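What follows is one structure encoded as structure tokens, with my remarks underneath.
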Amino acid sequence: MTASLLPRLTVPLPQNPFTPCLGLAGDVGKPEVGEAVGPAPLDSEAEFAWYRWLLGHHGAFCAWRLLAAALARGDLGEAADLYDTYSALLLYAGSCRPEVYRSVIRPRMAARHPAMSGKWVRDQRHVSALLAGAQPAPGSPLKAAVKFNRLVHVTVAARLVPAGGSLLRDAGRDVHDVPTEAEQALVDDFFLVDRAAVCAHAFGAAVRARASALLADLTEWPVRVTYDRDAVNQFQTGLPVHIGRLVPIAEAALGEGAKA
């Protein structure tokens, strides 16, 4: 399985800060041994789609961590940019053919839990709570980015699952149910995410490695999915720009101590 090409991503629990980086002053963000992410497998459409699904979500976990930090310090402009990065990662992760999603990705999720949902991701729930507290003004860049992110999510879902609903809905669960600790841990493990103390240096290396792999893949194999939303199609032409923001934003934040 393609998972071996992706090192597990270590991220603290959303409410926990990074630990001090002892002896690493001036060296934040540089790749460390063992952080390399392998290239996308090209000998199998199924494994290529699986690679993008996992790598795109690793990028999202990184973006959520940085987004929470931006919201916590009141930098709503940076938060808007990171919402656009998250939108770009959704388009990347969900770029496979619907037939492949139905035969490969969805069954693997259902095999881990019949109701598995992105709503179980701790980081996303944490960001949603911070966003509610930030109360971005109508017409502001952040408000527009959040609205567009919802459009992208709905548009990608409608293409991948044109008939039927999410696993959560199909399992008879209420979308407003609070996930259990076990469910949150399960979705972490499914996406190869470990929760442990980590310093900003190590997290910066993880961001850089994943952004590098994402951009290399997009350079070799650009996403050319056509949606029925012109705004989404236009945005999709700039995926490398939006995803490429992860590294400079991370380096700036980590240089300030990344107190998310």
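Grab the DSSP H runs of the chain that are 4 residues or longer, score each as -39,500 (n - 2.57), total them, divide by all residues and round the 222 nm result to the nearest 500 deg cm²/dmol.
My calculation for the chain gives -17500 deg cm²/dmol from helical runs alone.
Can you check what the net charge comes to around Val187, using other residues whose Cβ is under 15 Å from the Cβ of Val187 (Lys, Arg +1; Asp, Glu -1)?
+2
Compute the projected area of the convex hull of the Cα atoms of region 116-260, averaged over all viewing directions, and report it in nm² to one decimal place.
10.8
So how do Cys62, Cys21 rank on accessible area, 1.4 Å probe, biggest first, that is with the largest at the start?
Ranked list, largest accessible area first: Cys21, Cys62.
Strictly under 4.7 angstrom between C-beta atoms: which cysteines of the chain have no such partner?
Here Cys62, Cys96 come out as lacking a disulfide-compatible partner, given the Cβ-Cβ threshold of under 4.7 Å.
What ranking, highest mean first, results for peptides 188-196, 223-231 when packing means the other Cβ atoms within 10 Å averaged over each residue?
Order by mean packing, descending: 188-196, 223-231.
How large is the accessible surface of Lys143 in square angstrom, using a 1.4 angstrom probe and rounding to the nearest 10?
100
Return the ratio Rg/(2.2 N^0.38 Å) for region 179-260, where Rg is computed over Cα atoms only.
After normalising by residue count via 2.2 N^0.38 Å, the value is 1.39.
Counting only C-alpha contacts under 8 Å and six or more residues apart, can you give the relative contact order of the chain as a whole percent?
Reported relative contact order: 38 percent.
DSSP loop (so not H, G, I, E, B), at most 14 other Cβ within 10 Å: list which trypsin sites (Lys or Arg not before Pro) in region 53-105 pass both filters.
Sparse-neighbourhood loop trypsin sites (Lys or Arg not before Pro): Arg73.
Suppose the chain between Asp174 and Ala72 were pulled fully straight at 0.36 nm per residue; how much longer would it get relative to their current alpha carbon spacing?
33.8 nm
How far apart, in nanometres, would the label points at Thr226 and Thr10 be if each is projected 7 angstrom from Cα along the Cα-to-Cβ direction?
4.7
The values are calculated or read from the model by the stated rules, or taken from the named source; none is laboratory data. What you see is a predicted model, and the numbers here were worked out from it, not measured in a lab. Please note: Cβ atoms are built from the backbone with ideal geometry, for glycine as well, and neighbour counts cover all protein chains shown. Each accessible area value is taken on the protein alone, full model and side chains, heavy atoms only, with ligands, DNA and RNA left out. Shrake-Rupley method; radii C 1.70, N 1.55, O 1.52, S 1.80 Å.
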